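Visitor: Quick one: structure below, then a few questions.
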Amino acid sequence: KVGFLGSTEGVSAVAEILSDYPDVPLVAYMPNLSWVEDDEQQSYLDAFRELVLPQTEVLVGSHQTLTDFLLPDWDNERPASPRELAVAAGEHGTRYVLVTSVPLPDQFMDNVLASPQGAITGEKFERFEVSFVGAGDTLSAALASLLASGADLTAAVGEALAFLDQALDAGFRPGMGNVIPDRFFWALPPGEEGEEG
């Protein structure tokens, strides 16, 4: 599993290591990089597209982030579908995309695993009213762990999404910033669930 790799040089170094393990399925997470300066961001995305995507089994990211990354010239009023994102990723060698936070007309968000042939599976979850940091990393790490333990991709996606939903539900705010998913929600004794501190 790879997430943000820090720099173009970091992408290159990791891609070289990945090429030594072509039989190990790679889960790659693409976070929102709007905080990175434009020139640096573009060179990072170009390197990731050229060096990491061809080795990626499943690309994970939010609907908006993957649209900006894979279809930067998208100007249709209709949002890109998960299948269209999968087609764009497939042009670079990626087999599947797991698109999160696909907007729905009600208070729900869709999360869809898709291939260039279409949607495969997914789960709808109620929209949280807070901002999280680490949700995508939590989901992609859970998915990679399940795949590494031999789970089928469709089952692994369902289980990883359920894990993320529970981790977000148990999330906590350590300071005054965003909420962090609690990946150890399952380890709390029953009496301590939801307690502060």
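Visitor: Tell me the GluC sites (Glu not before Pro) within region 93-174 that lie in a loop according to DSSP and have at most 11 other beta-carbon atoms within 10 Å.
Guide: 129
Visitor: Suppose a student asked you for the relative contact order of the chain, using Cα pairs under 8 Å spaced at least 6 residues apart; what percent would you report?
Guide: Dividing the mean separation by the residue count of the chain yields 15 percent.
Visitor: While we're looking at this one, here's another question. Need the C-alpha centroid separation for region 55-111 versus region 140-191, integer Å.
Guide: A separation of 21 Å, based on Cα centres.
Visitor: Let me ask something additional. Going from most exposed to least, what order do 19, 149 have by accessible area with a 1.4 Å probe?
Guide: Most to least solvent-accessible, the answer reads 149, 19.
Visitor: Quick one: plug the Kirkwood hydrodynamic radius of region 50-93 (C-alpha pairs) into Stokes-Einstein at 20 °C, 1.002 mPa s, and report D in µm²/s.
Guide: Once the numbers are plugged in, D ends up at 198 µm²/s.
Visitor: Right, something else. Pop out the carbon and sulfur fraction of the accessible area of region 1-40 as a percent, whole number, probe 1.4 Å.
Guide: That fraction is 50 percent.
Visitor: How big is Rg to Rh over the chain, alpha-carbon atoms, Rh as the Kirkwood inverse-mean-distance radius?
Guide: Radius of gyration relative to Kirkwood radius: 0.97.
Visitor: Here's a follow-up. Using a 1.4 Å probe, what is the accessible area per residue for the chain, in Å²?
Guide: Heavy-atom accessible area per residue stands at 56 Å².
Visitor: Only helical DSSP H runs with n ≥ 4 go in: add -39500 (n - 2.57) per run for the chain, normalise by residue count and round the 222 nm mean residue ellipticity to 500 deg cm²/dmol.
Guide: Helix contribution divided over all residues of the chain: -10500 deg cm²/dmol.
Visitor: Another question, if that's okay. Any idea how far apart residue 41 and residue 23 come out in nm if each label point goes 7 Å out from Cα toward Cβ?
Guide: Each label point is offset 7 Å from its Cα along the Cβ direction, giving 4.0 nm.
Visitor: Mind telling me which of 180, 17, 120 comes out most flexible in a GNM of the chain, alpha-carbon contacts under 10 Å?
Guide: 17
Visitor: Using only alpha carbon pairs under 8 Å that are at least six residues apart, calculate the relative contact order of region 22-72 and give it in whole percent.
Guide: 56 percent
Visitor: Tell me the label-point distance for the pair residue 170, residue 73, using the 7 Å Cα-to-Cβ offset, in nm and rounded to one decimal.
Guide: Taking the two extended label points, one gets 4.7 nm.
The values are calculated or read from the model by the stated rules, or taken from the named source; none is laboratory data. Bear in mind that the values here come from a model prediction, so they are computed numbers and not experimental data. Using ideal geometry, Cβ is built from the backbone for each residue, glycine included, and neighbour counts are taken over all protein chains shown. These accessible areas exclude ligands, DNA and RNA; they are computed on the full protein's heavy atoms, side chains included. Shrake-Rupley method; radii C 1.70, N 1.55, O 1.52, S 1.80 Å.
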